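Reviewing the structure listed below.
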Amino acid sequence: MILSLKSIELSGFKSFGKKSELVFTSPIASIVGPNGSGKSNVAEAFRFVLGEQSMKSMRSRRGEDLIWGGSPAMSRANRASVKVTFDNTHRLLDIDFKEVVIERVVYRDGQNEYLLNGSQVRLKDVIRLLAGANIGGSGYQIISQGEADRILNASARERREMVEDALGLKLYQHKKAESEKKLEETGVNIDKTKSLRREIAPHLNFLRAQVEKIEKAREMKEELAAKMHEYLARENAYITQEDARLLEEARAHDADARALATRADEMRQKRGGTAPGASEVEVNALESKLSHARQESARLERELGRAEGALEANTVTVEQIVPVPHVRQFVREIEVEIGQAEQSDDIGNVRGVLSSVRGKIKSFIEGLTGSAPETSEEARLHVESLTHQLKAAQEHEHSIVAELETARAKIAAARDATFAAEREVIETEGKLREARSRLAAVQNARDQIAALRERFEEEIREGITLIGAAIHGWDKSEIPQGALSEDRSTQEKRRREIERLKIKIEESGIGNGDAVMREFNNTKERDEFLAKELIDLEQSAASLQNIIAELEETIDARFTEGLKLINVALHEFFAKLFGGGEAKLFVEKPKHSAKRDLDEDGDEIEEVPDEDELYAGLAISVTLPRKKMHGLEVLSGGERALTSIALIFSMSQVNPPPFLILDETDAALDEANSKRYADMIRELGAKSQLIVITHNRATMAAAGELYGVTMGSDGVSKLLSVKFEEATKVAK
Ligand code: ATP
C-alpha cells in the first residue's frame, strides 16, 4: 500500500516552537507521550494545514493562539506554519505533481497564507483539491480527543453532512453549492436584465412609433419629391412656353396698335383737309347767272310771241305798238311824281320833279319810237332776230345749267370724300381700341404668367424647406409627350395633391428624424443585446438547474447506496464491539414540507420554513444486546465511545479516506474493548493510513511505527521515533 501521507512538518505551531517533522513510513503510526506534551497539537496541525477555519476545533480563539507563544527559555514566534507532504504518484490529488506539499502559515495579525508546492494559492483551491481526494470537510477523518462521540452528539443535519463527507460527496456538494450560487446570480442577472428591458420598453415603443412616423413621412416626402419633380417640370415648361407665346402675341398686338394709331391720325388729317366753301360760292354765282339767263329767255320768248303775233296780224294797233300795262305803269309813275311836287313848297324840289318827269316822258316817247309799227317784212325780220336771240339765250342758259351741275357734283363728291374719311377714322379707331384691348388682355395674361413664375419659385423654396435637396433634379425629369397640350386643370389637380401631401407632412410634425432614428437604433440594439443576454442567461440557468438536478441525483444515489453499505458495516462493527445488538443510520423525515402559494399576481411564492425543518437529516437507532432500553440517551460513556467508533469505522470502511487521525478515541475503552479496537485498527489500516494518538498498549501494538512527543523544561514539544518498549514507558 502506498502511503499517501508522507510527512508533516510543524514550525512555530502551538507548542512546537522549533521545527519538528513526522515522517510516516507505516500504514499505522502511533503518537505517544505524556499528558500535555503536545500530541493533540499534532492532530490540530493536520486540521490547520488542511484548511480548518474553526478556531474552536483547534482549541483557540484567535489565529495568534496557534503561534508558539514563547517560554522563559525560548522567545515567541511571529508565524506558525505547518507543511504536509502527499505522495501523488497515483494522482490522489488532481494536480500534475508526483509530490504535493501543502503549507499553511498564520501570522500574528491573523493573516493566513496557503501554498501549494511553494506557490501561493487560495484557501478555496486547497479545499477543492483535497475534497477531490476525499480529504477535509466536516473533518470526520480527524477525530479529536474526547470528540469521538461528536457524531452521536451532532444534529441530524450535521451527521448527514459527516456521512456525505465520508462518502466523498463533498465534491458534489461543492459543485452543487457553486452551481446554486451561480444559479442565484444568474437569477439576479435575469431579473436585472428583465427589469432593464422593462425600463427600455416604453422608450423603445415610443421611439418605434416615432420611427414609423418618420418612415411614413419619408415615404410621403419621396412621394412628394416625385410629384413635385413632375409638377415643376411641367409647370416650368408651361410657363416658359406661355411666356414666349404671349410675348410674341404682345409684340404683334403692339405693332398692330401702333400701325392703327398712325393710320387713325392720317385719317383724321385727311378728314380735316376737305374745304367745301369755294364750290358753294361758285354754285351761288352760277345760280344767279342762271336766273338772269332764264329771265332774258322769258323776255325774248314773250317778245318773240308778240312779234310773231304782229307778223300774223300784219296790222298794227296802238295797243299793238304801246302795250297798255306799259302806259298805265308810266302814268302811275308820273302821277306819283306830280303828287310829290304838288305837296312840296320847295321850288327846287318842284323843278327837280319836273325835270324827272320830262326825262321820263322823253324816255317814254323814245320807247314809243322804237316800237313803232313795222311793216310785215320788218315784223318777219323782227321775229327772226328774236328767234336767234332766244336760241342764243337758251343755249347760254343750258351751258349755265351744265356748269351748275358740274359744280354741284363736285360739292357732293367732296362731301362724300369727307364722309368716307370720317368713317375710316371711326373704323380705324375701333380697330385700334380692339387692338389695344387685345394687347391689354395679353399683358394681363403675361402678368398672370409672371405671377405663376413667382408662385413656381415660391413652391421650389417651400419644397426645399420641406424635403431639402431632394427637390433638386426636377429640371431633369422628362416632360411626357403631349404634356403642354393637356388641360391646365390636370396640372391644377397635381398642385392640389401636392398641397395635400405637404399638409400631411407638416401635420406629421417630423423633421428629418436622424437623431430619433439613431436613438431608436441604439435602443433597439441595446434591447436586442439584452434579449440575447436574457436567452443566454435563461439557457445557462436551465443548464445550471440540470447540473444541480444531476448532482442531486448523483448525491442522492450515492448517498442512498453509501448509507446502505455503511449500515452493513455498522451492523458488523457494532455486533463485534457489543457482542450483538444493532445500530442503524436512517434518513429522518423532514418536519415540514415547503408550502407553495400564489401571490396576487399569480406568481408562485415559496414560504420557506426553517431550513433544518426541511432537511432530511440522519438519525441513529441503537439497540444494545440483552437490554430492553434503546436510544442514544441510555448509553454509558464507554458505550457511546464504542458506538462512535463503530460508526466512524463503518464510514471509513465504505469510502476509505487516504488517512485517518484518531486522537485518543480509545481512551474510554476497557481492556477487552481495547483489544477489539486494536483489531479494528488493523483492519482499517489495510484501507486507510492511520495516525493514532493513544495511551493504550493494545493500540500501540497495532501500529507499525511509533513517535514519542516530549516536552522539556523549555516548554517546547519534541518529536522522536521510539521503539514499542520505550513507547509504553513514555505513555505512562
Ligand atoms: P494529553 O495527553 O493530556 O491530552 P497532549 O499531549 O495532547 O496532552 P496537548 O494538548 O497537545 O498535550 O498540548 C498542550 C500543551 O501545549 C500545553 O502545555 C500548552 O501550554 C501548550 N501550548 C498550546 N498552545 C501553545 C502555544 N501557542 N505556545 C506554546 N505552547 C502552547
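The values are calculated or read from the model by the stated rules, or taken from the named source; none is laboratory data. It should be emphasised that the depicted structure is a prediction, and the values quoted were computed from it without experimental measurement. We place every Cβ from the backbone using ideal geometry, glycine too, and count neighbours over all the protein chains shown. Each accessible area value is taken on the protein alone, full model and side chains, heavy atoms only, with ligands, DNA and RNA left out. Shrake-Rupley method; radii C 1.70, N 1.55, O 1.52, S 1.80 Å.
Would segment 612-622 turn up any residue that is farther than 17 Å from residue 727 by Cβ, within 60 Å of the chain's Cα centre (by Cα) and of a type in the set (Asp, Glu)? Yes, that holds for at least one residue.
State whether one or more residues within segment 9-19 are away from the ligand (no atom under 13 Å from the Cβ), at pLDDT 95 or above and open to solvent by less than 40 Å² (accessible area, probe 1.4 Å). Checking segment 9-19: at least one residue is away from the ligand (no atom under 13 Å from the Cβ), at pLDDT 95 or above and open to solvent by less than 40 Å² (accessible area, probe 1.4 Å).
Quick test for you: out of 641, 667, 702, 646, pick the one residue that is over 20 Å from residue 10 (Cβ atoms), within 16 Å of the ligand (Cβ to nearest atom) and either crowded, with 19+ Cβ neighbours inside 10 Å or among the aromatic types (Phe, Trp, Tyr) (or both).
641
May I ask you to verify whether residue 321 is farther than 22 Å from residue 296 by Cβ, surrounded by 13 or more Cβ atoms within 10 Å (Cβ to Cβ), in the same structural domain as residue 289 (by TED's automatic domain parsing) and modelled with pLDDT under 80? Here the answer is yes, as residue 321 does meet what is asked. For segment 36-118, which strands (runs of 3 or more DSSP E) that fit wholly inside it have 2 or more residues that are over 60 Å from the mean Cα position of the chain (by Cα), within 16 Å of the ligand (Cβ to nearest atom) and of a type in the set (Gly, Ala, Ser)? In segment 36-118, 79-87 are the strands (runs of 3 or more DSSP E) which contain 2 or more residues that are over 60 Å from the mean Cα position of the chain (by Cα), within 16 Å of the ligand (Cβ to nearest atom) and of a type in the set (Gly, Ala, Ser). Scanning segment 663-702 for residues being closer than 22 Å to residue 47 by Cα, acidic (Asp, Glu) and either not assigned by TED's automatic domain parsing to the domain that holds residue 645 or not in a loop (DSSP other than H, G, I, E, B) (or both) gives a total of 1.
Residues of segment 711-732 include none that is within 20 Å of residue 659 (Cα to Cα), of a type in the set (Phe, Trp, Tyr) and out of contact with any Asp or Glu (no Cβ under 7 Å at 6 or more places or on another chain).
Just name the residue that is nearest to residue 97 (Cα to Cα) out of those in segment 132-172 that are modelled with pLDDT under 85, touching an Asp or Glu at 6+ places or on another chain (Cβ under 9 Å) and part of a helix (DSSP H, G or I). Per the criteria, the residue is 170.
Going by what's in this entry, would residue 134 be described as over 60 Å from the mean Cα position of the chain (by Cα) and touching a residue at least 60 places away in the same chain (Cβ under 8 Å)?
Values: over 60 Å from the mean Cα position of the chain (by Cα): yes; touching a residue at least 60 places away in the same chain (Cβ under 8 Å): yes.
Against the criterion (over 60 Å from the mean Cα position of the chain (by Cα) and touching a residue at least 60 places away in the same chain (Cβ under 8 Å)), residue 134 qualifies.
Residues in segment 66-98 that are among the hydrophobic types (A, V, I, L, M, F, W, C) and either open to solvent by 60 Å² or more (accessible area, probe 1.4 Å) or not assigned by TED's automatic domain parsing to the domain that holds residue 657 (or both): 2 in all.
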